[in-house]
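The values are calculated or read from the model by the stated rules, or taken from the named source; none is laboratory data. The shown structure was predicted, so the numbers you read here are calculated from the model rather than taken from an experiment. All Cβ positions, even for glycine, are placed from backbone atoms using ideal geometry, and neighbour counts span all protein chains on display. Areas reflect the complete protein model, heavy atoms only, side chains present, ligands, DNA and RNA absent. Shrake-Rupley method; radii C 1.70, N 1.55, O 1.52, S 1.80 Å.
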Amino acid sequence: MRYLAGEVRALATLTVMACLAVTACQPDAGLPPALTGSVTGPDGRPVPGAFVTLRQAGTTIAVSAVADADGRYRLAALAPGTYAVTGHGTGARTARATELVMGDSKGVDLDLALDEESPVWDDARSPVFLGLLPEGVAKRRFILDCTGCHHFDQRTIGVGDRLKTAQELETWATVMIDSNPNMSPSRTAAETAAWLSEHLSPTPGSTERPTIREAEPVFTEAATRSVITEYDIPVPEDLPHDVKVDIDGRVVVTGQLSHAMFVLDPATGAFERVDIPVELANPRALDIDADGNWMVSLGFPESLARRDRGTGEWTVWHVGMHPHSVQLDADGDLWYNGHFSRDPERIGRWDAETGTVSSFVVPADPMPDGGITMQYGLRVAPDGTLWTTQLMGGRLVRFDPATEEFRLYDLPTSHSGPRRPDVDATGRVWIPEYSAGKLAMFDPRDERFTEYELPIADALPYVIRVDRVRDRVWIATAAAEAILMFDAATSRFEVFPMPTRGALIRHLDVDQSSGEVWGSYGAYPSRGVNKVFRLTPG
């Protein structure tokens, strides 16, 4: 069942009704000590989908729960200690914290009242503004070119209480075009600014802000049984990219802007920094072999690096391309693709036995405007087949290592922006169509695509990881501040909203043993939102 509720915005006051160590205040008898209660809005009615967030004193960990259809929430098995408690609606800013002390054995009932609403203009999320743009190729191309770094919200298109002028929008577009090597060659700042001004303002050409309505938060009952844990990263302005659970249950993170690796202890929230012996290493993608050794792509140095788990020593190979995505195959060889390679476009392999690197040229299929097709996601199927996507080219690429043969497939929707796919246990390829806002599945057995509309419009699906044990397809979004789970057997989506405003989710990893989902927020510039997170399904 999907619950919809009016979005609750900025909150200044918490009405607290705490019953400490009183049995009558524990509605869930027999369960571990927990924080429970209800969330109501300014009108006194329950607020389905509201977040309740706890941050324990002295830690960098925040734990959040989602209120159910009756506004009730539960956070179970909390360790004794002092916490700061906040409540907020989906996409809204956080309220003032209230101190809470959890004892050794008894639970606490805490009711939260949310009030002091803020203007919708200030708190509306990216899908609201993207929804103002006309559907079609122009919109999909704009999303591909202009929304991959941070949210498309009031902070991007507005100044204070007004829309940016056409000149201000042109200045923004100029900076974006000049700094983005992935940009379509045909895009101009003036045309982009004029198109946005025409469709965002009620009066074309004016700075009158858009007429928008409050977006209803979307979530499913599964979200109310789940817990989201967020961990503050050591370098707030860093861009954490790939995350991977290692053989000891720790989480390894690539720090793309700090040029270092970090290892998170989930129990304490402590990060250990591991430096890479390469200047401006720019680590992006990561895989870990069965012995716990790291394989890391270093973007700007155009290299691969391996860290030995036992000795901590690094070995680096120059590969002559900007390796975007990496994955180890069943033989221990590492596959990678050239993010900005264009003439020719290539994929590469590091041979585990010899330590040598080689590359394979992808058949040329140039873009009509001369732009780069841009290789993006890369995954190895159970049978050893390699699958990559072309973000700008809108294609899925198949490579057979045994025959060294390629096959290219156009996605059903043009300019759909396939980003980071994954392959399930049966060999089906699941693809996030970023600019089309769809989930696509490609079945190699009949070479046919199936597309599914997402439950949130303009969510911008970014990355997919498959839980092969439980047959779940997890989809992270770049705009909706949510993670989706798709059950292929029932064609049903579950929606798990995330508590951080402005969260752009670049990467996921599924712990196949527990079913927990790990990921990173990776907005650039950070705007203070970048974190590592864990979603524990209920």
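Of note:
- Two-site FRET efficiency, T490 against E135, from Cβ-Cβ distance with R₀ of 30 Å, rounded to 0.05: 0.60
- Rounded to the nearest 500, the 222 nm mean residue ellipticity of the chain from helices alone is -2500 deg cm²/dmol, with -39,500 (n - 2.57) taken per DSSP H run of at least 4 residues.
- Other residues whose C-beta falls under 9 angstrom from the C-beta of F406 contribute a net charge of -1, scoring Lys and Arg +1 and Asp and Glu -1.
- Within the accessible area of the chain (1.4 Å probe), percent carbon and sulfur: 49
- Separation of alpha-carbon centers, the stretch 427-500 and the stretch 292-316, rounded to whole Å: 31
- Whether the stretch 30-72 is rounded, prolate or oblate, judged on the alpha carbon gyration tensor where a/c under 1.5 counts as rounded: oblate
- Computing FRET efficiency as 1/(1 + (r/R0)^6) for H318 and I247, where r is the C-beta to C-beta distance and R0 is 35 Å, gives about 0.80.
- Per residue, the convex hull around the alpha carbon atoms of the stretch 353-434 comes to 109 Å³.
- Helix 166-179 and the long axis of the chain differ in direction by around 50°, with both axes built from C-alpha atoms.
- Using a Förster distance of 45 Å, the FRET efficiency for F300-D70 (Cβ separation, nearest 0.05): 0.30
- Overall dimensions of the stretch 265-359 as given by Cα atoms, namely Rg and Dmax in Å: 13.7, 47
- Average accessible area per residue (Å²) across the stretch 326-478 - probe 1.4 Å, nucleic acids and ligands excluded: 37
- Candidate aspartates and glutamates - alpha carbon under 15 Å from K139, same-chain residues fewer than 8 apart omitted: E191, E198, E433, D458
- Whether the stretch 468-534 is rounded, prolate or oblate, judged on the alpha carbon gyration tensor where a/c under 1.5 counts as rounded: prolate
- The Rg/Rh ratio of the stretch 370-524, with Rg taken over Cα atoms and Rh as the Kirkwood radius over Cα pairs, comes to 0.95.
- The loop-placed GluC sites (Glu not before Pro) in the stretch 348-410, going by DSSP, that have at most 11 neighbouring Cβ atoms within 10 Å of their Cβ come out as E353, E404.
- Around N530: net Lys/Arg minus Asp/Glu count, Cβ-Cβ under 14 Å: -2
- Model label sites at V235 and D446, defined 7 Å from Cα along the beta-carbon direction, differ in position by 4.9 nm.
- Which labelled figure in (1) 38, 30, 21; (2) 46, 28, 21; (3) 55, 34, 21 is semi-axes √(5λ) of the Cα gyration tensor in Å, once derived from the coordinates: (1)
- Summing charges over neighbours of S303, with a neighbour being any other residue whose Cβ is under 14 Å away from its Cβ, gives +1 when K and R count +1 and D and E count -1.
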